[in-house]
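What follows is a single structure, written as structure tokens, with notes after it.
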Amino acid sequence: MRFSRMAGSRGYLFGVLASVVVALPALWFGFFVDDYLFLATMAGLNPIGSSFDLYVFGSGDPEQMLSLIQNGPYPWFGDPDFKVHFFRPLASALMTLDRVLFGHCAVAYSAHSILWYVLLCFAAMLIFRRTLPPAAGVLALFLFVVDESHALPTAWWSNRHSIMAVGLGLLGVAAHLRWREDRWRPGLPLSLAAYVLSLLSTETGLCVLAYPLAYELFSARDGVGKRVLSILPASLLAIGYLLLYRWGGYGARYSDIYIDPVGDPVAFLSAAPARFAMLAGAQFFMLPVEASIVHVELERPFIVLGGVGLALVALALYNLWPHFEERERHALRWLIPGAAMATVPALAAIVNARVLVAPSLGGAAIIAVVIAHLWRARRAPEAVSWKPATMRMMRVVLWALVVGHLGIAALSWPAQVTALRVVMNHLNKVIRTCELDESRITETQVVVFNAPDPYTGLYPLMLRSFDGRAVPRSWWTISFAPYAHRITRTGAREVEIEVVGGEMFASIMERLFRSRQRPLDVGYEMDLNGLRVIVAAVGNTGPTRLRLVFEDAPESDRYQLLAFRDGRYRRLTLPAPGDAVDLPFGFR
């Protein structure tokens, strides 16, 4: 492999053009999960959001949240004080423009997103071309283009905001570098304008600001005073943004998926080290850390593997540092801490590789330089004078990086798009084939006793709205616990539902709407205006048995009862008083 063959303007041009090819599978991704919520919000069907303020999953207003709990789709156990509200006006405005221009044509939405991905890669190219030697810079660009953590943010309409924010922010970083190194006067105002647009897209813009800060702290060649003055405008902008964020009431509260670093610093600092290790493993060795969302037992192994992977990369950098060119050292002095600092704001969200868009700039530079020099060391081991054990370990790192980032990463784009599209089509089919009496749907209250996954339990109202179908008077999902359930008829209007072999809130998605800081105790009751849900027994994480008291007879026309059995939601006839019915868990 001769990296010099990739050097030059032609290599950078091919890298940017490759971003179009790599992202093409995103055209067929279609609508996915939150997209249906946002389309319903634009249609005026979401009381807590608007067309220019789409990213409101919980307002924190107990009156508003109680309405969403009593009527659906939010679950009965949701915390009335629950808040997840993000400041993303530019992203919301462009999504609303998509709907105005393209209706429900998902391909057009995706094409728009791909244009933003090309801009992101172009901005990365400007930085790599300026900071790295030609061969390493081109390799870093290709690694950045095919980075598998970029696939979902590019393909998923609702996640486009992160591509926008990082793309605009990196344009600002490129302008900052040119201002500082070439004395290009327009660089300062242009960088600040780019940062403003980045922050208006999403809070991920804060991640990007880590790079100019790292540059001034660790790499700029001026005196301390000059460095402070140079980073001051961007720093004041970030402080102003954070003050606006708090003043506007944005942020997260009472959710285990999102942690507010300012509102709950203890919880954030407690979770940060483990989340950082997992994300490092995802960045350098493509660990599928998202699996821990569904399978909580994988979290600890991912933490260990991520820590080991991070140590191996650090060891490679330590061994190779004396062999780096001065230009490479100069770049890595700020790109390494910049990537680390860019990861910190992302630690507030649940662990997922899609939060790595900003850190992946520094990640791509690190991987490119390490691959280039380890490849040379492999061809000329006498040049490095390493011990045999060190050489063997470095070869393992080399092949892991080459196979992962120059092979598997590119293939993961169509693989991710196809797999998630198949899953989405299946889940939508489950919702669309619910055994409901459509002739009386608007007058009835739907009770779903067991949902095998959060999407089919929460999103039927949004999908029905998207399909142009009438929605029920209420939609209540009782349990999302990934276990079997037993329903026992205890009276004419009462039933008990028991989680068999487990308990509620064992999965992270159940804790989206209620934090472990606010657990449900025995006796907790939620009146849903037609059905009262009472916690009858609790375990270590959540309720194990519930008592349901219907206002009218469950067999009346007021209700439609559903249970997930044999791969779909089917009508459920409750047993006679004293009898029980078992509902096994699983998709089939």
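The values are calculated or read from the model by the stated rules, or taken from the named source; none is laboratory data. Small disclaimer: the values here were computed from a predicted structure and weren't measured. So basically every Cβ, Gly included, is an ideal-geometry build from the backbone, and we count neighbours across all protein chains shown. SASA here: full protein model, heavy atoms, side chains in, ligands and nucleic acids out. Shrake-Rupley method; radii C 1.70, N 1.55, O 1.52, S 1.80 Å.
At a glance:
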quantity: So ALA282, is it under 18 Å from the mean Cα position of the chain (by Cα) and either without any contact (Cβ under 8 Å) to a residue 40 or more places away in the chain or buried (at least 19 other Cβ atoms within 10 Å of the Cβ) (or both); calculated: yes
quantity: Pairs, first free of Cβ contacts under 8 Å to residues at least 40 places away in the same chain in the stretch 519-540, second in a loop (DSSP other than H, G, I, E, B) and among the hydroxyl-bearing types (Ser, Thr, Tyr), C-beta under 7 Å, six or more apart; calculated: VAL535/TYR524
quantity: Residue check, VAL369 assigned to a helix (DSSP H, G or I) and either touching a Cys at 6+ places or on another chain (Cβ under 6 Å) or open to solvent by less than 10 Å² (accessible area, probe 1.4 Å) (or both); calculated: yes
quantity: Options ALA252, ALA316; residue that is small (Gly, Ala, Ser), in contact with a strand residue (DSSP E or B) (Cβ under 6 Å, 6 or more places away or on another chain) and either in contact (Cβ under 8 Å) with a residue 40 or more places away in the chain or assigned to a loop (DSSP other than H, G, I, E, B) (or both); calculated: ALA252
quantity: Any chance GLU325 is in contact with a Pro (Cβ under 7 Å, 6 or more places away or on another chain) and of a type in the set (Asp, Glu); calculated: yes
quantity: Residue that is under 11 Å from PHE77 (Cα atoms), at pLDDT below 95 and surrounded by fewer than 21 Cβ atoms within 10 Å (Cβ to Cβ), where the choices are LEU512, LEU520; calculated: LEU520
quantity: Residue within the stretch 212-227 that is more than 19 Å from PHE57 (Cα to Cα), without any contact (Cβ under 8 Å) to a residue 12 or more places away in the chain and either open to solvent by less than 20 Å² (accessible area, probe 1.4 Å) or β-branched (Val, Ile, Thr) (or both) present; calculated: yes
quantity: Exclusive hit being open to solvent by less than 40 Å² (accessible area, probe 1.4 Å) and modelled with pLDDT of 95 or more, set VAL402, VAL448, VAL384, VAL397; calculated: VAL448
quantity: Pairs with Cβ under 8 Å, 6+ apart, first in the stretch 469-489 and at pLDDT below 95, second basic (Lys, Arg); calculated: ALA470/ARG464; VAL471/ARG464
quantity: Scan of the stretch 37-74 for residues that are open to solvent by 40 Å² or more (accessible area, probe 1.4 Å) and assigned to a loop (DSSP other than H, G, I, E, B), ordered by number; calculated: ALA43, GLY44, LEU45, PRO47, PHE52, ASP61
quantity: Where GLY72 falls short, out of the listed (1) at pLDDT 95 or above; (2) touching a Leu at 6+ places or on another chain (Cβ under 7 Å); calculated: (1)
quantity: Hits in the stretch 101-157 (condition: charged (D, E, K, R) and farther than 19 Å from ALA194 by Cβ); calculated: ASP147, GLU148
quantity: Selection status of GLY578, at pLDDT below 95, within 25 Å of ILE293 (Cβ to Cβ) and either touching a helix residue (DSSP H, G or I) at 6+ places or on another chain (Cβ under 8 Å) or in a loop (DSSP other than H, G, I, E, B) (or both); calculated: no
quantity: Those residues of the stretch 293-313 which are open to solvent by less than 50 Å² (accessible area, probe 1.4 Å) and either over 25 Å from PRO454 (Cβ atoms) or in contact (Cβ under 8 Å) with a residue 60 or more places away in the chain (or both), in sequence order; calculated: ILE293, GLY306, GLY307, GLY309, LEU312, VAL313
quantity: Unique match (being assigned to a helix (DSSP H, G or I), under 27 Å from ILE350 (Cα atoms), of a type in the set (Lys, Arg) and under 20 Å from the mean Cα position of the chain (by Cα)) among ARG160, ARG246; calculated: ARG160
quantity: Condition check for ARG275: surrounded by fewer than 18 Cβ atoms within 10 Å (Cβ to Cβ) and of a type in the set (Lys, Arg); calculated: no
quantity: Residue count for the stretch 202-226, restricted to those that are closer than 29 Å to ALA348 by Cα and assigned to a helix (DSSP H, G or I); calculated: 13
quantity: Flag for LEU199 being open to solvent by less than 40 Å² (accessible area, probe 1.4 Å), part of a helix (DSSP H, G or I) and in contact with a Leu (Cβ under 9 Å, 6 or more places away or on another chain); calculated: yes
quantity: Any hit, the stretch 138-157, residues being open to solvent by less than 10 Å² (accessible area, probe 1.4 Å), of a type in the set (Val, Ile, Thr) and more than 24 Å from the chain's Cα centre (by Cα); calculated: yes
quantity: Any hit, the stretch 94-111, residues being polar (S, T, N, Q) and closer than 30 Å to GLU503 by Cα; calculated: no
quantity: Single residue of the stretch 75-130 satisfying the filter (β-branched (Val, Ile, Thr) and open to solvent by less than 10 Å² (accessible area, probe 1.4 Å)) that is modelled with the highest pLDDT; calculated: ILE127
quantity: Scan of the stretch 534-560 for residues that are crowded, with 21+ Cβ neighbours inside 10 Å, aliphatic (A, V, I, L, M) and closer than 20 Å to PRO472 by Cβ, ordered by number; calculated: LEU548
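Yes/no per residue for (1) under 21 Å from the mean Cα position of the chain (by Cα); (2) in contact (Cβ under 8 Å) with a residue 24 or more places away in the chain:
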{"position": "SER9", "(1), (2)": "no, no"}
{"position": "VAL16", "(1), (2)": "no, yes"}
{"position": "ASP34", "(1), (2)": "yes, yes"}
{"position": "GLN70", "(1), (2)": "no, yes"}
{"position": "PHE82", "(1), (2)": "yes, yes"}
{"position": "PRO89", "(1), (2)": "yes, yes"}
{"position": "SER92", "(1), (2)": "yes, yes"}
